[in-house]
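Shown next, in C-alpha cells, is the structure this report addresses.
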Amino acid sequence: MLYAFLCCHDEAIVNSWTKEEDDAVLAKRARVTDKLAARGKLGPAVRLMPTTAATTVRMGREPVVLDGPFAETKEALLGFYLIDCDSLEEAINVAQEIGRDEKVVFEIRPVKVFVSKGKAS
Amino acid sequence: MTDVAWIDPLLRSARPQAVGALLRYFRDLDRAEEAFQEACLRALKNWPVNGPPRDAVAWLVLVGRNAGLDDARRRSKNDPLPADGEISDQGDAEADIAERLDNSHYRDDVLRLLFICCHPDLPAVQQIALALRVVSGLSVKEIARAFLVSESAMEQRITRAKSRVAQADVPFETPGAAERAERLGAVAAMLYLLFNEGYSASGGTVHVRLPLCEEAIRLSRLLLRLFPGEPEIMGLTALLLLQHARAPARLDADGAIILLEDQDRQRWDRDMIAEGAALIEKALRHRNPGPYQVQAAIAGVHAHAAQAENTDWGEIDRLYATLERLQPSPVVTLNRAVALSKVQGPAAALAMIEPLAKPLSGYFHFFGVKGGLLMRLGRADEARIAFDQAIALAHTPAEAAHIRMHLDRLMKDSQPA
C-alpha cells in the first residue's frame with residue numbers, strides 16, 4: 001500500500017532553525033529515506049515553501065483568491081513523502097524513524113489514486 | 001541532540017509573540033522581558049519532565065504573567081506566594097488563554113513590539129540593536145560583536161534606547177487600519193535596515209554579520225505570516241530573500257567584494273530565489289506597487305539572468321524609473337544610471353548623474369560609479385580623481401580594495417607597453 005506522510009509542523013519553529021539545524025534535520029531524515037529509496041519504496045518527497053508563499057483559491061459562486069494557507073493553524077503542512085509500506089504498522093514505524101528527535105507531526109494517509117505524468121513526476 | 005536541545009528553537013520562535021503579549025499585559029518593556037525570562041527558566045525545568053506544552057506561546061505568556069504578578073506581590077508583601085510550578089500544568093487555564101490569545105491578538109502584539117523599536121528619535125543602529133535584543137532575544141554580547149563595539153558600550157546604548165522608548169507612550173489599544181499601516185511601514189523600514197546592516201558589512205567581517213540578514217528574513221516572514229495580504233511585506237520578504245541568495249557569491253576567499261556581473265551565479269541560492277519570485281508574483285496580483293515590490297522585482301530580474309550578459313537592463317531601467325516616481329532619491333537615480341549605461345552607454349549615464357554631484361558628495365558609490373563611467377569613456381585622469389574620492393569615503397577595507405583594483409587597472413593601461 002502506498003502511504004502519504006504529511007509533515008505538519010509549527011512553522012515559526014522551523015523558520016527559527018539556523019541553516020545548520022535545518023541541514024542537520026534533512027541529513028538525519030535522508031539517512032532513513034535513502035534506505036527506503038534503495039529498496040524501491042520511496043515515491044516523490046516534497047518540501048513546500050513557507051506558507052507565506054501560499055495562495056488559497058476558494059470555489060463558490062464567485063471564486064475567491066486569498067493570500068496565505070487555507071487554514072490558520074499552529075501546525076501547517078510543510079511537506080510530504082509518498083512511501084510504499086506493507087502495513088499500517090510498518091508505516092507507523094517509518095514515521096517514527098523519519099521523525100526521530102523532532103517535534104514534527106505526521107499524518108499517515110493511505111493513497112487512493114496516484115497519477116504521475118509529465119514534468120512534475 | 002541532547003535532552004533539552006529541542007527547547008531552544010521553541011523558545012526562540014515563541015519569543016516575539018510571548019514578549020509582545022506580556023508587553024500588552026504589563027505595559028512596560030522591562031517587566032515584560034523579565035517575565036518572559038522567568039517563564040523560560042521555568043520551561044527549562046518543566047518541559048524536559050512534562051514534555052512540551054500543546055501551545056508553547058500560551059504557556060510562556062501564562063507562566064510569565066503569573067511570575068510577573070508574583071514579583072509585584074512580593075514587592076508589595078501582600079499575598080503569600082504560590083508554590084513554584086503550581087501554575088505550570090493547569091491544562092484548562094492553558095487552553096483558556098490559548099483561546100483568548102488567538103492569532104488576531106498576537107499579530108498586533110508582535111507588530112507593536114517591533115514598532116516600539118522604530119522610534120523616530122532613535123538612530124538606525126539603536127533601533128536595530130533594540131529589536132535584536134527585545135524581539136529576537138540576542139544577548140548584548142552577541143549584538144555588541146555584530147556591531148564591533150564593546151559589550152558595555154552596547155549595554156549603554158540599549159539601556160538608553162529603552163528609556164527613550166518608555167517615554168514614547170505607544171498606545172496599547174488595538175490599532176485602527178491607518179495606524180496599523182503606519183506601524184507596518186515603520187517596521188518594514190527597520191527590518192530592511194537590519195538586513196542592510198548585515199549585508200553591507202559596514203565595518204564588520206562577514207561571517208559575524210550574516211546572522212543579521214537571516215534574522216531580518218525570519219522576522220519579515222513572521223510579519224508576513226501575521227499579515228498575509230500585505231503586498232509591500234511580500235515585496236520586502238522577496239527583496240531580502242533575493243539579495244541574500246547572492247551571499248555565497250558576493251565575496252572572494254580574501255573577503256574582497258565580487259561585483260554582481262562577476263559573481264559565480266551557480267553559487268546563488270536557488271531555493272531563496274524561487275521563494276522570492278513566488279512572493280513577487282503574489283504581490284503583483286494586488287496591483288498596488290510600492291518601493292519594496294519594485295526593488296524586489298529588480299533583484300528578480302538579476303536573479304533570472306543565468307549569465308550577467310543575459311540581464312534585461314531595459315527592464316531594470318524601467319523598474320528604476322518606477323522606483324524614482326514612487327520614492328524619488330538621488331541614490332535611486334544613481335542606480336538607474338548604472339542600468340542606463342548598459343542600455344544607452346556611459347555618456348548618457350554620466351549626464352544622468354551630473355546633477356547628483358552635490359547631494360551625493362559624501363557617497364562612496366557615487367564616486368565609484370562615476371569613476372567607472374569615466375574609465376569606460378577613456379577619460380583616465382578624471383576617473384582616477386573619482387576613484388581617489390571613493391577610496392576616501394570607503395567604509396570597509398573590501399570597498400577600498402575594490403576601487404584600488406580599478407586604479408591598478410588604470411595605471412597598467414596608462415603605462416607604455
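Assorted remarks:
- Simple point charges give the picture: +1 on the Cβ of Lys and Arg, -1 on the Cβ of Asp and Glu, and for region B:102-165 a dipole about the Cα centre of about 200 debye.
- Among the chymotrypsin sites (Phe, Trp or Tyr not before Pro) in region A:1-83, those located in a DSSP loop and surrounded by at most 15 other Cβ atoms within 10 Å of their own Cβ are A:F70.
- Distance between region B:243-298 and region B:106-148 - C-alpha centres, whole angstrom: 25
- Kirkwood hydrodynamic radius of region B:362-417, Cα pairs, Å: 11.0
- Charging the Cβ of each Asp and Glu at -1 and of each Lys and Arg at +1, and nothing else, the dipole of region B:362-417 about its Cα centre rounds to 120 debye.
- Neighbouring Cβ atoms from other chains, within 10 Å of the Cβ of residues in A:5-16, number 5 on average.
- Per the Kirkwood formula applied to alpha carbons, chain B shows a radius of gyration over Rh ratio, Rg over Rh, of 1.04.
- Inter-chain Cβ neighbour average for residues B:221-227, partner chain, 10 Å: 5
- Rounded, prolate or oblate (a/c below 1.5 giving rounded, otherwise prolate when a/b exceeds b/c) for region A:1-48 by Cα gyration tensor: oblate
- For the protein assembly as shown, the mean residue ellipticity at 222 nm estimated from helices alone is -20000 deg cm²/dmol, where every DSSP H run of n ≥ 4 contributes -39500 (n - 2.57) and the total is divided by all residues, rounded to the nearest 500.
- Furthest towards positive pole of dipole, B:S341, B:F147, B:P120, structure part the protein assembly as shown, Cβ charges: B:S341
- Crossing angle, helix B:151-166 versus chain B [Cα axis fit, 0-90 degrees, rounded to tens]: 70
- The count of lysine pairs in chain B whose Cα atoms are under 22 Å apart, excluding pairs fewer than 8 places apart on the same chain, comes to 4.
- Heavy-atom accessible surface of A:V113, to the nearest 10 Å², is about 110 Å², with a 1.4 Å probe and all protein chains retained.
- With every protein chain in place and a 1.4 angstrom probe, the accessible-area ranking of B:D30, A:D10, largest first, reads B:D30, A:D10.
- Averaged over the residues of peptide A:67-75, the number of Cβ atoms from other protein chains lying within 10 Å of each residue's Cβ is 4.
- Extent along the principal axes, Cα only, for region B:1-72: 37, 22, 19 Å, with the longest axis given first.
- The accessible-area ordering, largest first, of the residues B:S152, B:S329 stands as B:S152, B:S329, per a 1.4 angstrom probe.
- Dimensionless Rg/Rh of region A:11-107 - Kirkwood Rh, Rg from C-alpha atoms: 1.04
- Fraction of accessible area attributable to carbon and sulfur, chain B (%, probe 1.4 Å): 52
- Across the alpha-carbon set of the protein assembly as shown, the Rg to Rh ratio works out to 1.01, Rh being the Kirkwood radius.
- Accessible area buried by the pairing of B and A, both sides summed with a 1.4 Å probe, works out to roughly 2100 Å².
- For A:K41, the lysines whose Cα falls under 25 Å of its own Cα, not counting residues fewer than eight places away in the same chain, are A:K28, A:K103, A:K112, A:K117, A:K119.
- Each of the trypsin sites (Lys or Arg not before Pro) that DSSP puts in a loop and that has at most 14 other Cβ atoms within 10 Å breaks chain B; the longest unbroken stretch is B:78-284.
The values are calculated or read from the model by the stated rules, or taken from the named source; none is laboratory data. Everything numeric in this text was worked out from a predicted model, so none of it was measured. Using ideal geometry, Cβ is built from the backbone for each residue, glycine included, and neighbour counts are taken over all protein chains shown. What goes into the accessible areas is simple: the full protein's heavy atoms, side chains included, and nothing from ligands, DNA or RNA. Shrake-Rupley method; radii C 1.70, N 1.55, O 1.52, S 1.80 Å.
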